[in-house]
Amino acid sequence: ASDLQTRLRELIPEEQARLKEIRKKYGNVVLGETTVDMAIGGMRGIKGMIWEPSLLDANEGIRFRGFSIPECQKLLPKIKPDGEPLPEGLLWLLMTGEVPTIEQALAVSEELKSRAKVPGHVERVLNALPSGTHPMTQFTAGIMALQTESVFAKAYAGGIHKSRYWEPCYEDAMDCIARVPALAAMIYRKTFKDGKVLPGDNNLDYSGNFAHMMGFDDPQFHELMRLYIVIHSAKYKLAPVAGAMNDKEDGRSYWSEGEMVGSALSDPYLSFAAGMNGLAGPLHGLANQECLRWLRHVVDEIGVGASKDELQQFVQDTLKAGKVVPGFGHAVLRKTDPRYTCQREFALKHLSDNPMVKLVSNVYEVVPDVLLKTGKVNNPWPNVDAHSGVLLQHYGLTEENFYTVLFGVSRAMGVLTQLVWDRALGLPIERPKSLTTKAIVEFCEKK
Ligand code: FAM
């Protein structure tokens, strides 16, 4: 067992006992109320699930196991003294809640290297897809192809006791985290380059090797990938599915049941692929692709040196055309996303004279006012996606259709960590209650 697995084995009984105690002591405490507005409005603000790796505060932004992004940048192990933190160290933090030593982070690095081999049939699955298939579709197809390797699925079929579910889940989570960079690099090379899959370099860390397999060997780009993976690693629960069941009793009452993919004991590959399909939506992860495209339109139509007045007009035209301004707004956050801020700092440190960086700054100065004037946007501030494309472009990763795959590779760490804990804590199948509009009206009228 690796150090990480050993540490988890020590922590799990403590956490199981803690959860039991929380339930015993506070089980009946009301966490909040659900209004009809919330049911119609995408369940925003309903407190209804456990998610340990990260917490999103509306004003402060994301914290990973209690640590803000600047704290992670300061405390997590690095391979360069003034460099960016290693995602391998973040993975240790997400899994255990503890800041690792450099030795522990490097042990995770080695563990991931030992698990990184992608079986040959995955490439054949990708080759079978028609050219022009979106990289995110290729990514989920590739993850599904990796599912043949699921240790959890085999252990379940073999009748494993439920108290041990977390062990094969850990195997799958680590295998999947280890393999997605090679899968993503394969997609990149096939879709945009010569199709030749570049072999990994075992002397590099997780992020450096990922960049290397895509064909990027600039050490500064490797730094960017470290930062990128860390800040994109969490959060969200595996995508909800409408695994709905409707039952009609004497023509009047209805009930339905939704479930979260992983909670149905679908193995980590199936669950992660489902989550990635959610990430592929333009209001979520695809926004980074959309964002760079939008900036390109600005450049094509006005020029990279667009004045603030011209930008203001461009933003207004975007809204008039019934489109969103990508890279701005957030369902939960109410301030500038710290993930935007740290990318901006990276840009100012390493590429301050890039004209696109200047354009992003000008857009930042113009968009919030225009959005605020609509009177309906709850958060006019930039999110993580407003900056990432310009950074990637600077280092030559110009194919914006691929950007969401980078996001997906990073998300494996957060999503799969929670899945291990879901199984370790014995959390049940998730079944938020849904209602028909008729049932809502009947309920309200009876009140
Ligand atoms: N441009 C134009 N209109 C916007 C807007 C934006 N950037 N952000 C919000 N609005 C509109 C929104 O469409 C809604 O309009 P309707 O009432 O006409 O439907 C209204 O303002 C109220 O929305 P909200 O409560 O402020 O935001 P939501 O919680 O509904 O949606 C986002 C949140 C992120 C989906 C939304 O802000 C958006 O579409 N932003 C642009 C796309 C984007 O950047 N997504 C990436 C988010 C990122 F953090 C991530 O998850 N990857």
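Taken together, the criteria exclude Leu126 from residues that are closer than 24 Å to Asn202 by Cα and in a helix (DSSP H, G or I). Scanning segment 164-204 for residues that are without any contact (Cβ under 8 Å) to a residue 12 or more places away in the chain and polar (S, T, N, Q) turns up just one, Asn203. Kindly indicate whether Val366 is at negative phi, of a type in the set (A, V, I, L, M) and at pLDDT 95 or above. The answer is yes for Val366.
Among the residues that make up segment 212-235, is at least one of them within 30 Å of Lys433 (Cβ to Cβ) and either touching a Pro at 6+ places or on another chain (Cβ under 9 Å) or among the hydroxyl-bearing types (Ser, Thr, Tyr) (or both)? Scanning segment 212-235, I find at least one residue that is within 30 Å of Lys433 (Cβ to Cβ) and either touching a Pro at 6+ places or on another chain (Cβ under 9 Å) or among the hydroxyl-bearing types (Ser, Thr, Tyr) (or both), so the answer is yes. Criterion applied to Leu372, Leu391, Leu406, Leu416 was being away from the ligand (no atom under 16 Å from the Cβ) and among the aliphatic types (A, V, I, L, M), and the one residue passing it is Leu416. When Lys190 is tested against (1) buried (at least 17 other Cβ atoms within 10 Å of the Cβ); (2) among the charged types (D, E, K, R); (3) within 30 Å of Leu427 (Cα to Cα), exactly one condition is not met: (3). Residues in segment 385-428 that are among the β-branched types (Val, Ile, Thr) and under 30 Å from Tyr170 (Cα atoms) were compared, and the one that is surrounded by the fewest Cβ atoms within 10 Å (Cβ to Cβ) is Val420. Across segment 31-56, the number of residues qualifying as within 30 Å of Glu98 (Cα to Cα), of a type in the set (Val, Ile, Thr) and surrounded by fewer than 14 Cβ atoms within 10 Å (Cβ to Cβ) comes to 1. With respect to Phe346, is the statement that it is at pLDDT 95 or above, away from the ligand (no atom under 13 Å from the Cβ) and either of a type in the set (Phe, Trp, Tyr) or touching a strand residue (DSSP E or B) at 6+ places or on another chain (Cβ under 6 Å) (or both) true? It is true that Phe346 is at pLDDT 95 or above, away from the ligand (no atom under 13 Å from the Cβ) and either of a type in the set (Phe, Trp, Tyr) or touching a strand residue (DSSP E or B) at 6+ places or on another chain (Cβ under 6 Å) (or both).
Which of the residues belonging to segment 388-403 are in a helix (DSSP H, G or I) and in contact with a Phe, Trp or Tyr (Cβ under 8 Å, 6 or more places away or on another chain)?
Those that are in a helix (DSSP H, G or I) and in contact with a Phe, Trp or Tyr (Cβ under 8 Å, 6 or more places away or on another chain): Ser388, Gly389, Leu391, Leu392, Phe402.
Return yes or no: is Phe139 under 19 Å from Thr398 (Cβ atoms), within 24 Å of the chain's Cα centre (by Cα) and surrounded by 19 or more Cβ atoms within 10 Å (Cβ to Cβ)? Considered against the rule, which asks whether it is under 19 Å from Thr398 (Cβ atoms), within 24 Å of the chain's Cα centre (by Cα) and surrounded by 19 or more Cβ atoms within 10 Å (Cβ to Cβ), Phe139 comes out as yes.
The residues of segment 285-325 that are within 13 Å of the ligand (Cβ to nearest atom) and among the hydroxyl-bearing types (Ser, Thr, Tyr) amount to a single one, Thr318. In this structure, Met49 qualifies as within 30 Å of Gly89 (Cα to Cα) and of a type outside the set (Phe, Trp, Tyr). Within segment 295-319, if we keep just the residues that are in a loop (DSSP other than H, G, I, E, B) and of a type in the set (A, V, I, L, M), the residue that is farthest from Asn362 (Cα to Cα) turns out to be Ile302. Can you find, within segment 334-357, the residue that is farthest from the chain's Cα centre (by Cα) among those that are assigned to a helix (DSSP H, G or I) and surrounded by fewer than 16 Cβ atoms within 10 Å (Cβ to Cβ)? Taking the candidates together, the pick is Pro355. Scanning segment 42-85 for residues that are assigned to a loop (DSSP other than H, G, I, E, B), of a type outside the set (Gly, Ala, Ser) and farther than 28 Å from Lys433 by Cβ yields Asn59, Glu60, Arg65, Leu76, Pro77, Lys78, Ile79, Lys80, Pro81, Asp82, Glu84, Pro85.
Residue by residue through segment 382-414, note down the ones that are in contact with an Asp or Glu (Cβ under 7 Å, 6 or more places away or on another chain) and either within 19 Å of Asn277 (Cβ to Cβ) or aromatic (Phe, Trp, Tyr) (or both). Break it down stepwise before answering.
Looking only at segment 382-414, we keep the residues that are in contact with an Asp or Glu (Cβ under 7 Å, 6 or more places away or on another chain), and these are 382-384, 389, 395.
Tyr395, the sole residue that qualifies.
Scanning segment 262-283 for residues that are within 16 Å of the ligand (Cβ to nearest atom) and touching a residue at least 24 places away in the same chain (Cβ under 8 Å), we see that the one that is surrounded by the fewest Cβ atoms within 10 Å (Cβ to Cβ) is Leu283. If we keep just the residues of segment 375-387 that are assigned to a loop (DSSP other than H, G, I, E, B) and more than 6 Å from the ligand (Cβ to nearest atom), which is farthest from Pro326 (Cα to Cα)? Within segment 375-387, the match that is farthest from Pro326 (Cα to Cα) is Gly375.
Scanning segment 394-403 for residues that are polar (S, T, N, Q) and either within 10 Å of the ligand (Cβ to nearest atom) or touching a residue at least 40 places away in the same chain (Cβ under 8 Å) (or both) gives a single hit, Asn401. Among residues of segment 50-63 that are closer than 26 Å to Arg23 by Cβ and hydroxyl-bearing (Ser, Thr, Tyr), those with a Cβ under 9 angstrom from a residue that is at pLDDT 85 or above and assigned to a loop (DSSP other than H, G, I, E, B), sequence gap 6+ or separate chain, pair up as Ser54/Arg65; Ser54/Ser233.
The values are calculated or read from the model by the stated rules, or taken from the named source; none is laboratory data. From a predicted model like this one, the values you see are computed outputs, not experimental measurements. All Cβ positions, even for glycine, are placed from backbone atoms using ideal geometry, and neighbour counts span all protein chains on display.
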